[in-house]
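Take a look at the structure below.
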Amino acid sequence: MGQQLYFDNYNPTGDVIVVAICIVMLILVSVSYVTKTKNFSIFITMIAYLVFAAMADYAHHEWFTYISDGNYSPVYAIRIVYHALLFSLLLLYVFYIIEMQHLEISKRIPVMFISTAVYAAVIIVDIVSTLNGSSFRLNKNGTAVSGLNVFLVGYIAFIVIIVFLMVVFRDRIYKKAMFGFYGTMLVSFLILFYQGRYGQSSYTVASFLFPVIAMMYLVHSTPYDVELGTINVMAIKDMVRYNYEKKRELLYMSLYMPDFDSEGKLIPEALQKTIRIFAAEYFKKSVLFQISNGHVILFAPKKSNPDYENRLNKILNAFHDEYEKFKFDYKVVIGETIDEISRKNEYLSFIENIYRHMELNEVHIVDKDDVTIFNKYAYIFEQLEDIYKKHDLRDERVLAYCQPVFNISNQRYDTAEALMRLKLPEIGMVFPDQFIPIAEEHGFIHVLTEIILQKTCDEIKRLIEDGYGVKRISINVSVLELRNAGFTKDIEKIIESSRIPDSKIAIEITESRSDSDFIAMKTMIEELKDKGIKFYLDDFGTGYSNMERIMELPFDIIKFDRSLVIACDTDEKSEKMVGGLANMFSELNYKILYEGVENELDEKRCINMSASYLQGYKYSKPIPIIELNRFFSKTASN
């Protein structure tokens with residue numbers, strides 16, 4: 001009867017379920033991609049301890065049923081091991097939270113020392129109290145006699161430490177994640193509470209399982225896109241870091257389809273199926289990552305694919321067949337991991353930089369030149385970021401150049417276009433086509449505009465003080481800047497602080513397709529024109545030109561692109577068309593500026609096509625803005 005009373009408080013179902021869930025978690029971990037961090041190692045150790053604890057719990061109850069001589073030493077021994085495993089789990093919880101919060105050494109060491117001391121103390125007390133019978137013992141008839149509840153004391157001590165960490169350092173954990181941990185801990189506590197109230201011990205190990213499930217879901221989960229077979233982009237850096245630390249080489253194949261690289265555009269189901277097949281069948285142990293709607297990257301261990309060149313040829317042949325079927329534009333980059341890029345963990349930026357220099361429907365094999373180009377890109381980015389952060393409007397790394405503009409009406413140079421250059425310590429002169437796209441992509445462009453405006457204002461002021469006639473100097477503005485609500489105020493502030501007339505500054509801007517940009521452009525032009533600032537429509541004749549919108553915008557000068565000048569030189573029909581457009585704009589009181597004038601024939605032709613201003617190498621190449629006095633004339637009073 002005694003044996004039955006002791007065993008009645010336990011049912012193996014709880015421990016069997018714990019073992020089953022742990023096995024399921026290990027299966028999921030083995031077939032999915034998870035971040036290989038220190039916390040992940042702790043997480044795996046916790047799963048192992050849960051399995052061993054469940055087995056120990058079952059073993060000490062099961063062993064009890066076979067004892068008939070009253071010698072319960074094996075039961076006591078297994079029970080101590082069982083408690084030690086549970087306390088080890090609690091200690092690992094503490095270490096996991098410490099690691100997750102990235103505590104400094106000065107805060108980490110005291111907590112780890114106290115936790116380890118509590119761990120050692122409760123195990124020692126558990127052993128001693130079990131040996132002397134003061135905590136738990138079994139009578140010869142099999143009935144249990146309870147004393148000091150060492151497990152409860154130790155459990156409460158660890159809960160206090162865990163709650164302390166999560167309350168004092170709560171700002172170091174995302175709030176929703178913290179509530180997730182709190183919720184699972186509360187469930188665990190309630191299970192233990194109700195189990196104790198009803199004299200049960202079947203679900204003790206199960207109560208330790210729930211926080212581990214929370215860890216897997218909140219921290220280590222990197223779910224697949226089950227349709228495409230991809231994993232979230234955030235896992236790429238971890239994969240690269242882990243394999244770099246293990247000195248394992250990876251292969252990668254990046255596919256970019258611009259037709260789908262915008263929000264709301266999805267890859268068609270048939271093409272998704274093709275990508276799934278590529279990812280699953282052509283490389284062993286491959287992992288497919290989705291970067292954006294139209295960009296996926298496949299990584300695979302080189303060691304597992306010794307014949308990877310043959311595999312690449314197969315996949316490219318198959319891809320070409322699919323292209324003939326779908327006809328979607330693409331760019332493909334193929335390569336092996338490179339120590340220099342792996343160390344910086346910058347494969348996304350590296351591949352995107354390669355894409356910038358590729359034509360559509362091209363396959364590119366990565367080589368050393370790509371690394372050199374990327375290093376230059378990364379250095380320019382780093383310098384632009386520093387320029388942006390310092391926000392020094394006279395930063396010496398930004399050079400103000402200009403190209404004089406010839407005024408046909410007075411046969412003088414009295415206007416110019418300000419141009420930008422960078423002069424960086426390690427690589428010297430950098431031209432706009434190399435740094436403007438980077439600045440626009442990363443939000444640095446407006447600071448560069450402010451700097452060139454400040455330096456232009458400084459030069460205008462110096463020229464005026466030296467007696468030179470300055471009609472105006474124009475600066476180029478990116479359409480992206482118009483999305484900044486403070487754009488006009490920034491422009492006004494710089495001109496006002498420079499103490500020059502607003503009319504001495506002009507702004508060149510390119511027309512945009514975007515409705516929102518058009519509205520912002522119109523509002524900005526109207527605000528600044530009230531101050532006396534002139535506006536140029538830049539690059540007329542290239543790409544997109546909407547005549548209705550041009551008429552809606554109060555431009556002063558239409559700047560005909562160099563391509564129109566070239567077209568007029570080779571085609572009479574083009575000359576008549578360009579001349580007709582220029583004449584129409586002139587009749588509507590727009591001034592016409594032709595850029596790219598390189599010889600006398602260009603000059604004569606443009607003058608016959610209603611030109612007001614001419615700009616190009618016939619007159620001057622771009623020069624430092626401080627040399628503009630070589631072209632401008634002094635006023636009559638001087």
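Points to keep in mind about this one:
- Scoring residue 385 on the criteria (1) loosely packed, with under 15 Cβ neighbours inside 10 Å; (2) touching a residue at least 24 places away in the same chain (Cβ under 8 Å); (3) of a type in the set (D, E, K, R); (4) assigned by TED's automatic domain parsing to the domain that holds residue 472 leaves a single failure, condition (1).
- Scanning segment 554-587 for residues that are in contact (Cβ under 8 Å) with a residue 24 or more places away in the chain, hydrophobic (A, V, I, L, M, F, W, C) and surrounded by fewer than 17 Cβ atoms within 10 Å (Cβ to Cβ) yields one hit, 566.
- For residue 593, the requirement of being over 40 Å from the mean Cα position of the chain (by Cα), under 25 Å from residue 511 (Cα atoms), in contact (Cβ under 8 Å) with a residue 60 or more places away in the chain and in the same structural domain as residue 493 (by TED's automatic domain parsing) is met.
- Sole exception among (1) in contact with a Phe, Trp or Tyr (Cβ under 8 Å, 6 or more places away or on another chain); (2) farther than 22 Å from residue 376 by Cβ; (3) among the acidic types (Asp, Glu) for residue 324, by number: (1)
Condition check ((1) among the charged types (D, E, K, R); (2) at pLDDT 90 or above) across all residues:
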| residue | (1), (2) |
| --- | --- |
| 492 | yes, yes |
| 495 | no, yes |
| 506 | no, yes |
| 542 | no, no |
| 559 | yes, yes |
| 562 | yes, no |
| 575 | yes, no |
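- Any hit, segment 601-615, residues being in contact (Cβ under 8 Å) with a residue 60 or more places away in the chain, in contact with a Lys or Arg (Cβ under 8 Å, 6 or more places away or on another chain), surrounded by 13 or more Cβ atoms within 10 Å (Cβ to Cβ) and in a loop (DSSP other than H, G, I, E, B): yes
- Among the residues making up segment 465-479, those that are more than 31 Å from the chain's Cα centre (by Cα) and either in a strand (DSSP E or B) or of a type in the set (Phe, Trp, Tyr) (or both) are 468, 472, 473, 474, 475.
- Residue within segment 131-140 that is of a type outside the set (Val, Ile, Thr) and either in a helix (DSSP H, G or I) or not assigned by TED's automatic domain parsing to the domain that holds residue 63 (or both) present: yes
- With respect to (1) at pLDDT 75 or above; (2) surrounded by fewer than 20 Cβ atoms within 10 Å (Cβ to Cβ); (3) assigned to a helix (DSSP H, G or I), the lone exception for residue 247 is condition (3).
- Any hit, segment 329-336, residues being assigned to a strand (DSSP E or B), touching a residue at least 40 places away in the same chain (Cβ under 8 Å) and loosely packed, with under 14 Cβ neighbours inside 10 Å: yes
- When residues of segment 138-156 are limited to those that are of a type in the set (A, V, I, L, M) and touching a Phe, Trp or Tyr at 6+ places or on another chain (Cβ under 9 Å), the one surrounded by the fewest Cβ atoms within 10 Å (Cβ to Cβ): 145
- Considered as a group, the residues in segment 384-418 that are in contact with a strand residue (DSSP E or B) (Cβ under 8 Å, 6 or more places away or on another chain) and of a type in the set (S, T, N, Q) include one that is farthest from residue 445 (Cα to Cα), and that residue is 407.
- Any hit, segment 480-490, residues being in the same structural domain as residue 555 (by TED's automatic domain parsing), farther than 29 Å from residue 406 by Cα, touching a residue at least 24 places away in the same chain (Cβ under 8 Å) and assigned to a loop (DSSP other than H, G, I, E, B): yes
The values are calculated or read from the model by the stated rules, or taken from the named source; none is laboratory data. Model, not experiment: these values are computed from the prediction. With ideal geometry, Cβ positions are generated from the backbone for all residues, glycine too; neighbour counts draw on all protein chains shown.
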